[in-house]
Amino acid sequence: MPHYAAVDIGSNSVRMLAAESGAGLPIKILAAERQVTRLGEGVFRDGKIPAETMQFVCENLARMAQTYRKLEVIGVRAVATSAVRDANNQHEFIEKASNALGTPVEIISGAEEARLIHLGVHSRWPQPGKRVLMVDVGGGSAELILSDDGVLTDAFSKPLGAVRLTEVFLKNDPPSPLELHRMNESIEEKLAAPLRKIGKGPFDRVVATSATAAAVVCAVNRVGRAHREEADRLKASVAEIRKFYRQVTQLNLGERRKIQGIGPRRAELIVSGAAVFLKVLELFQQPALHYSAAGVRDGIIADLTARGVGRELSMLSKEQRRVVEQMARRYGVDLQHARKVAELAHRLFEALQQVHRLPPAMGKLLEAAAYLHDIGHFVSDTAHHKHSYYLVANSDLPEFTDSERHMIALLCRYHRKSMPAARHSPFQSFDADSRRAIVFLTPLLRIADSLDRSHEQRVAGMDVQLRNGSMSLALQSPVDLDLELWAVERVSDVFRETYEMALTLNKVRS
């Protein structure tokens with residue numbers, strides 16, 4: 001499956017997540033990093049990002065980029081939120097941050113931030129058929145999101161981040177009653193518009209996200225920071241949060257740091273953060289909230305996956321397609337059939353990524369072989385697959401390396417009759433990874449070719465399902481498919497043996 005990376009430059013911390021992700025599948029986290037930067041402190045105080053903070057953030061961004069580059073990600077999105085939105089030197093920061101990452105950093109709106117949070121929560125914890133109020137309290141802003149049966153129906157972004165509120169209102173330690181009163185008045189004022197629009201429910205659940213939410217839920221449930229991942233989906237009642245809030249408002253920083261579940265840096269912000277969550281529950285008259293470990297970075301990964309970012313890496317480029325089509329024409333290939341086989345083969349390649357786990361570039365070689373697998377008919381209809389192999393292996397194929405050309409030739413050779421075997425010296429000349437790729441790509445080419453056996457492009461679409469270690473193939477077509485389905489049955493044993501074995505091995509490894 002493809003690898004993606006997400007970078008969230010928040011007002012309090014910078015987070016990076018790299019993950020393996022495929023459509024409709026749970027993500028597999030490959031790397032995750034977080035660094036507290038307090039980017040918003042200077043912005044909320046003086047309107048600009050201090051030079052030393054900017055340098056510190058960029059150093060950490062460069063380090064995070066080194067981590068995800070090693071994972072061969074095919075898509076990256078880096079976003080900056082509330083503090084950078086408000087900074088009057090945002091252009092300087094964006095330029096330096098983009099250079100540090102080696103990829104553009106974009107400033108996103110509060111609405112886009114809310115959309116990504118919503119996507120992230122649903123990717124980690126789907127809520128089908130439920131009406132859910134989501135609350136994220138970051139460093140600079142708080143997002144309130146109404147989700148109905150998995151669809152975002154309303155979203156608000158308000159300047160109620162924990163860093164911002166602490167910087168603006170809480171000057172004493174512990175904070176004075178007057179400071180707390182003024183902060184709570186401001187929170188209630190900012191929540192008035194969402195309350196009018198969304199209303200007091202009913203909701204099936206309130207879901208809270210962010211590190212502050214984690215700290216509150218961990219403290220209430222007595223979960224240590226070392227086991228914070230266990231807090232995902234845990235609940236805290238409004239009474240428990242109210243009691244916790246009253247406790248932390250009476251403690252100084254040193255005392256707050258001793259509370260189980262609260263980190264030393266989070267203790268600096270916990271009063272303001274807890275105040276926002278408590279006020280949301282009180283105003284919306286909700287009995288409790290559940291914590292979700294998801295956030296903007298998870299939403300970015302889900303969004304990159306849904307949009308198929310990097311999909312082009314598994315498809316022939318315009319120049320490569322021109323080269324193989326020219327060669328196909330030269331040898332009298334039915335181009336309509338070749339194009340259909342290439343389309344179907346690529347669909348199978350994408351649908352079965354979680355099984356074959358081949359690099360995206362292998363999809364290009366499969367497509368090229370789909371265009372060229374029948375050129376051997378030009379020499380003879382007898383054993384045409386062997387003639388196809390010879391012609392491809394001994395022809396110039398611009399836009400492809402020698403190794404790629406020979407792999408394409410072997411895929412043409414194995415598109416019918418025998419599968420790759422140890423006795424075949426051209427196959428054995430490749431390294432282990434390339435041999436594995438040929439073994440996995442061969443059944444895909446055979447299935448795709450069989451699905452257009454009539455050369456009439458009868459198959460309009462397909463749906464590949466993987467369940468409990470087995471696979472099913474559903475086809476969409478406006479006409480009878482007896483001939484195509486009969487042909488598929490002839491190669492189904494190879495298909496099942498190769499892919500079901502791989503599926504079983506992958507389940508064992510995971």
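The values are calculated or read from the model by the stated rules, or taken from the named source; none is laboratory data. What you see is a predicted model; the values in this text were computed from it and never measured. Please note: Cβ atoms are built from the backbone with ideal geometry, for glycine as well, and neighbour counts cover all protein chains shown.
Details
- One residue stands out in segment 154-192 among those that are more than 32 Å from the chain's Cα centre (by Cα), closer than 30 Å to Arg131 by Cβ and among the small types (Gly, Ala, Ser): the one that is surrounded by the fewest Cβ atoms within 10 Å (Cβ to Cβ), namely Ala192.
- Scanning segment 137-153 for residues that are among the charged types (D, E, K, R) and crowded, with 22+ Cβ neighbours inside 10 Å returns a single hit, Glu143.
- Of all the residues in segment 416-469, those that are surrounded by 13 or more Cβ atoms within 10 Å (Cβ to Cβ), in a loop (DSSP other than H, G, I, E, B) and modelled with pLDDT of 90 or more number 1.
- Only listed residue being crowded, with 20+ Cβ neighbours inside 10 Å, more than 22 Å from Ser186 (Cα to Cα) and either under 29 Å from the mean Cα position of the chain (by Cα) or assigned by TED's automatic domain parsing to the domain that holds Arg38 (or both), chosen from Ala213, Ala219, Ala302: Ala302
- Per-region count, segment 199-213, residues assigned to a helix (DSSP H, G or I), of a type in the set (Gly, Ala, Ser) and in contact with a strand residue (DSSP E or B) (Cβ under 6 Å, 6 or more places away or on another chain): 1
- The one condition in (1) of a type in the set (Val, Ile, Thr); (2) in contact with an Asp or Glu (Cβ under 6 Å, 6 or more places away or on another chain); (3) within 17 Å of Phe277 (Cβ to Cβ) that Thr81 fails to fulfil: (3)
- Scanning segment 48-73 for residues that are of a type in the set (A, V, I, L, M), surrounded by 18 or more Cβ atoms within 10 Å (Cβ to Cβ) and out of contact with any Asp or Glu (no Cβ under 9 Å at 6 or more places or on another chain) returns Val57, Leu61, Ala65, Val73.
- The set of residues from segment 130-151 being within 22 Å of the chain's Cα centre (by Cα) and in a loop (DSSP other than H, G, I, E, B) comprises Gly138, Asp149, Gly150.
- Number of the exception - Arg45 against (1) surrounded by fewer than 20 Cβ atoms within 10 Å (Cβ to Cβ); (2) modelled with pLDDT of 95 or more; (3) of a type in the set (Lys, Arg): (2)
Conditions (1) more than 35 Å from the chain's Cα centre (by Cα); (2) of a type in the set (A, V, I, L, M, F, W, C), marked per residue:
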{"residue": "Ala393", "(1), (2)": "yes, yes"}
{"residue": "His406", "(1), (2)": "no, no"}
{"residue": "Gln428", "(1), (2)": "yes, no"}
{"residue": "Ser454", "(1), (2)": "yes, no"}
{"residue": "Val464", "(1), (2)": "no, yes"}
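- Filtering segment 345-356 for residues that are crowded, with 18+ Cβ neighbours inside 10 Å, of a type outside the set (Lys, Arg), at negative phi and not in a helix (DSSP H, G or I) leaves a non-empty set.
- Any hit, segment 85-104, residues being in contact (Cβ under 8 Å) with a residue 24 or more places away in the chain, in the same structural domain as Phe56 (by TED's automatic domain parsing) and touching a Gly at 6+ places or on another chain (Cβ under 6 Å): yes
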